[in-house]
């Protein structure tokens with residue numbers, strides 16, 4: 001699982017300081033609210049990913065019995081990570097639309113429909129799991145919750161490799177770094 005500890009998870013502070021001391025950010029109130037929330041959510045995303053990663057390190061470094069508490073902790077943080085990734089993508093897409101591409105460039109792979117679809121499908125699988133279980137709509141041998149495997153997380157037919165998730169988070173962080181310094185002319 002790639003480390004993202006080098007990424008600063010304080011871009012929302014940069015947004016606030018840029019606004020306070022440099023009149024930074026978009027002048028449009030709605031665009032600013034989208035920008036501020038995008039950066040705030042990306043900060044949360046990085047923290048959740050790194051917390052999940054630390055728990056997975058505990059799982060893989062333990063000798064003997066599987067440390068179930070660390071695995072369950074990682075699964076919970078991965079669930080939050082998926083939901084938060086989708087929120088970040090949606091904030092960025094709305095900011096791009098609201099600012100007519102001035103704040104968020106028009107072509108970013110992390111904001112493509114393909115990435116959003118995969119994240120949304122995984123998020124929906126997580127969020128609607130109780131309905132599927134309650135309807136007894138479960139295939140034999142299928143896990144009862146999101147699973148953290150050696151190279152991916154998965155639930156039902158949906159899977160996301162750690163390297164993909166880490167790259168999407170890096171891309172969102174790069175965008176957050178840029179948007180944190182944005183200033184309308």
- Only unsatisfied item for residue 2, checking (1) assigned to a helix (DSSP H, G or I); (2) surrounded by fewer than 22 Cβ atoms within 10 Å (Cβ to Cβ); (3) in contact (Cβ under 8 Å) with a residue 60 or more places away in the chain; (4) in contact with a helix residue (DSSP H, G or I) (Cβ under 7 Å, 6 or more places away or on another chain), is (1)
- Message: Regarding the stretch 65-78, can at least one residue be identified that is on the phi > 0 side of the Ramachandran plot and modelled with pLDDT under 95?
- Response: no
- Would you mention how many residues in the stretch 9-28 are part of a helix (DSSP H, G or I) and either touching a strand residue (DSSP E or B) at 6+ places or on another chain (Cβ under 6 Å) or surrounded by 15 or more Cβ atoms within 10 Å (Cβ to Cβ) (or both)? 7
- Which condition number does residue 49 fail, the rest of (1) surrounded by 15 or more Cβ atoms within 10 Å (Cβ to Cβ); (2) in contact with a helix residue (DSSP H, G or I) (Cβ under 7 Å, 6 or more places away or on another chain); (3) under 14 Å from residue 103 (Cβ atoms); (4) modelled with pLDDT of 95 or more being met? (3)
- Any chance residue 115 is surrounded by 12 or more Cβ atoms within 10 Å (Cβ to Cβ), part of a loop (DSSP other than H, G, I, E, B), under 19 Å from the mean Cα position of the chain (by Cα) and in contact (Cβ under 8 Å) with a residue 12 or more places away in the chain: no
- Message: Please go through the stretch 126-155 and give me each residue that is touching a helix residue (DSSP H, G or I) at 6+ places or on another chain (Cβ under 8 Å) and either buried (at least 17 other Cβ atoms within 10 Å of the Cβ) or part of a strand (DSSP E or B) (or both), ordered by number.
- Response: 126, 146, 147, 148, 152, 153, 155
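The values are calculated or read from the model by the stated rules, or taken from the named source; none is laboratory data. Keep in mind the model is a prediction, meaning the values are calculated, not measured. Virtual Cβ from ideal backbone geometry, glycine too; neighbours counted across all protein chains shown.
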